[in-house]
Structure formats: structure tokens, C-alpha cells
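*Asks:* The structure is given below, and queries will be raised subsequently.
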Ligand SMILES: [Fe+2]
């Protein structure tokens, strides 16, 4: 493999276009794992997934296996899922509960905070310098771990901005997600929809703020749902919630234009704000009342007035406040990405809100749904189309270039169908990948 110089890497990103190699070159993928996924705050999971002491949850940061645990003293730990002995993954399933973590291979046993408790045949290590008490003979902690409203992030790098600083304007999306609970708390409920995309991880991240695709690619799902309803419904039939969810995907260009786009430091962004494809859902009986009694009329009004669509916390985490769900990005290879879709329960809210979130994720985000496969097919075709080496080597980011509005605090705004977010993400990509200094 030839090594790409920083100049060569930098030349792949231009102000209005990006070179196809950024999505197809395995060497660039390897560099991304080290320079982006090895430095940024990466989403691990929610504290409610390790509710009780002894609970554990196994996942990955980039491609590195980690476990999140709840220790006896109630603290949450994120450690590499690698035995200090021969390197086997100590936790082999996705989640569970245990008094201790025992490696299946030679029985080295650890406490929930990673401390080595037991080594079979311990006397054989006497005088070796390895074993209990040696700081490397334990489950190694991920260098930085922090949480925001119970959402746990970790960084493989000991250096970088603190989580709250790094979240920048995206923190407000998390605030609103949690504020939508009358008790100010969310918790993961059930498992997740996990499915493999045979495309580069950046395609999913870009798509969530791409407002020029829904009215085209989702004709097959949203457009069909509208036609079927028109053909079959009788006058005065109630509009099913499923249609309320599906129909806005084929709203016209004007609607998506008005949603607006906002981007912040470190590559984060959001579509919508005042309106989104979620803003016309019918009310859930008792929900507004519960929020008003928890927060008062004015604050409840403010909470419901926030209609952010997709928030992207670059590079690993995306969320929808109204739907109370998150989608997590797990890169596997240059052309393979796992997307996990998790649903949260708004603690104290009517059960119907949770049912709606599950229904939404069944219809839109699961691997056997109506809307997601439209996007999946589009990513797949882009990944295949980019194999064409001759002709155009570049992917366009020209739309509304020169019309981005930068506010004094560095926030960038644009109309909803602009390519601003893509330009912004690649500015961040360049700072991680090429400049490798204080990233932006
Ligand atoms: Fe889509």
C-alpha cells in the first residue's frame, strides 16, 4: 500500500467537490479510523443500558471492541474488551449481567471496573513482573469517557476538547430530547434495529441532512403510501399515524427548503428547527398536559416548539428528538457500515409516545421497513457508481455555494436544500485528516 501524503489527502477535498477516493480507497478508510475515529468523541451507549451494578454492554469505537459496565459503586466504565492475558474478547455477547467478567480462554477474571481479580495458577507469575497489581494486567480503560444527559461518549485520544465543548450547538438537540420527558429522563427500551449497509460510513452521515433526496428516492414508499390511502380510505376515516409519518417524506422542495440547515463546530449539523417532517403529527392524549404540569405552560410551549429533524453529531451519532430515537454509525470497512437504530422511552410520558417511536423505527429505520431501503439502495448505487474511474472523478457539493450565512459565534446557516452541511463536514474532515492540529 502506498502512503498518501497530507498534500495528496488535502487535494481530494475542494471547496465545492470531493474526490471519489474519499469513499472508495481502503487506505483513506484506515487513516480515518486513526485520525477521526481515533480522536473524536464517539457514542458508546446510554447509561440506562447498564442500569444495575454488574450490567455490561459491548460495542465498538471505530473498529475497536469496548465494554461499558456499571461497577459495584455505581460508576460507569468504558474499557477495551480485550483480556490482559492473550487478548481474547472477555465479553462475547452484546449485553448482560455478571458479578465478575471471566475470560473464556484461560479464566482470567476481572471486576466490573477492570481490576484483575483472579489468575489461575497465579504462582507461575511470581517474579515475572506481570499479574495482579501490574497496571497493564487489567482491562484497559478508554482514555477519555464522559456523558451528557446519560449519553456516554468516549475518545481513544487522551487529548482534545471536553465533551460538552465538543458537542457545541448539537447539545441543544440532546437537551430537547431529554426535555421532552416530563421527568427530564430518557432510557433505552428494548434492543436495536441493526443492519449492514454495503457503503461508506460518510454516505449515511451526509444523507441525514440531504433535503434534495426525499421527494425523489422516497416516492416508492411515501408516495405509494399516500396513493394507497387515497384509493382505499372512506371519508371521515381517521388518518392513521403510519401515514402521518410516511407522507412528509414526499413533501415538495419548498417545504424542505424552508426547514433550513444549521452547522456548528466539529462537523455537527441539523436540518429543521422550527419545522420538520415530524412537526404535523397529531397530539398524543395527556402528553402536553404532563409536560405542562412538569415544566409550566411557557417552558412546555418552548420544548414543543423545537422541531429539529436529524441532528448529526459527527462522526458517529445522530438523533431525532421528536421520535426519541438515535442512529449510531459503526464503520466496518471502506464499503461496509453497520447502522444501529435505538429507541428511547421518555420517562413519565404516555406509553403511546413510545409506541409511536417504535412504529416509526419499524417503518422508517429497520432493515425490513419501507423508507430505509430506499436510502440503502441509493447509497449502494453511489458506492458502485464511484467505481467508474474515467470521466468525472468528483462528487458535487456546489449547491448554494457562496450563500452560507456565518453567525458571529461560528454557527453556519443555509436554506434547507443547500450543500452547506457537506462542505462543512469536509472542512472538519480536512482538519482531522490533513491538518491534524486543533480540529474544527
Ligand atoms: Fe432518505
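The values are calculated or read from the model by the stated rules, or taken from the named source; none is laboratory data. Worth saying up front: this structure is predicted, and the values here are computed from it rather than measured. Counting neighbours? That spans all protein chains shown, and the Cβs are built from the backbone with ideal geometry, glycine included.
*Asks:* Condition test on residue 381, is it without any contact (Cβ under 8 Å) to a residue 60 or more places away in the chain and under 24 Å from the mean Cα position of the chain (by Cα)?
*Replies:* yes
*Asks:* Here is a check on your reading of the model: is residue 13 buried (at least 21 other Cβ atoms within 10 Å of the Cβ) and modelled with pLDDT of 95 or more?
*Replies:* In short, no.
*Asks:* Continuing with this model, one more query. Could you tell me whether segment 388-395 includes any residue that is assigned by TED's automatic domain parsing to the domain that holds residue 242, part of a strand (DSSP E or B), away from the ligand (no atom under 16 Å from the Cβ) and in contact with a strand residue (DSSP E or B) (Cβ under 7 Å, 6 or more places away or on another chain)? Steps first, answer last, please.
*Replies:* Step one: filter segment 388-395 for residues assigned by TED's automatic domain parsing to the domain that holds residue 242, giving 388-395.
Narrowing the set further to residues that are part of a strand (DSSP E or B) leaves 394-395.
The next check asks that each one be away from the ligand (no atom under 16 Å from the Cβ); those that pass are 394-395.
Adding the requirement that they be in contact with a strand residue (DSSP E or B) (Cβ under 7 Å, 6 or more places away or on another chain) leaves 394-395.
Checking segment 388-395: at least one residue is assigned by TED's automatic domain parsing to the domain that holds residue 242, part of a strand (DSSP E or B), away from the ligand (no atom under 16 Å from the Cβ) and in contact with a strand residue (DSSP E or B) (Cβ under 7 Å, 6 or more places away or on another chain).
*Asks:* Just to be sure, is residue 93 modelled with pLDDT under 95 and touching a strand residue (DSSP E or B) at 6+ places or on another chain (Cβ under 8 Å)? Working first, answer last.
*Replies:* Values: modelled with pLDDT under 95: yes; touching a strand residue (DSSP E or B) at 6+ places or on another chain (Cβ under 8 Å): yes.
Answer is yes for this residue.
*Asks:* Go through segment 233-276 and count every residue that is closer than 19 Å to residue 361 by Cβ, within 16 Å of the ligand (Cβ to nearest atom) and in a loop (DSSP other than H, G, I, E, B).
*Replies:* Of the residues in segment 233-276, 1 are closer than 19 Å to residue 361 by Cβ, within 16 Å of the ligand (Cβ to nearest atom) and in a loop (DSSP other than H, G, I, E, B).
*Asks:* Give the residues of segment 344-358 that are outside any strand (DSSP E or B), touching a residue at least 60 places away in the same chain (Cβ under 8 Å) and more than 21 Å from residue 194 (Cα to Cα), sorted by residue number.
*Replies:* Within segment 344-358, 347, 348, 349, 350, 352, 353 meet the criteria.
*Asks:* For segment 385-399, how many residues meet the condition of being free of Cβ contacts under 8 Å to residues at least 60 places away in the same chain and closer than 23 Å to residue 315 by Cα?
*Replies:* Residues in segment 385-399 being free of Cβ contacts under 8 Å to residues at least 60 places away in the same chain and closer than 23 Å to residue 315 by Cα: 0 in total.
*Asks:* Could you please give the count of residues in segment 400-415 that are surrounded by fewer than 17 Cβ atoms within 10 Å (Cβ to Cβ) and either touching a residue at least 60 places away in the same chain (Cβ under 8 Å) or within 16 Å of the ligand (Cβ to nearest atom) (or both)?
*Replies:* Final tally of qualifying residues: 4.
*Asks:* Further question: Determine which single condition residue 79 fails, assuming it passes every other condition in (1) in a strand (DSSP E or B); (2) farther than 22 Å from residue 145 by Cβ.
*Replies:* Only one criterion in (1) in a strand (DSSP E or B); (2) farther than 22 Å from residue 145 by Cβ is unmet by residue 79, namely (2).
*Asks:* Picking from 329, 312, 343, which residue would you name as being crowded, with 18+ Cβ neighbours inside 10 Å and out of contact with any strand residue (DSSP E or B) (no Cβ under 6 Å at 6 or more places or on another chain)?
*Replies:* Criteria check complete, one pass: 329.
*Asks:* Among the residues of segment 359-372, write down those that are within 10 Å of the ligand (Cβ to nearest atom) and either free of Cβ contacts under 8 Å to residues at least 24 places away in the same chain or in a helix (DSSP H, G or I) (or both).
*Replies:* If the condition is that a residue be within 10 Å of the ligand (Cβ to nearest atom) and either free of Cβ contacts under 8 Å to residues at least 24 places away in the same chain or in a helix (DSSP H, G or I) (or both), then 364, 372 are the ones that fit.
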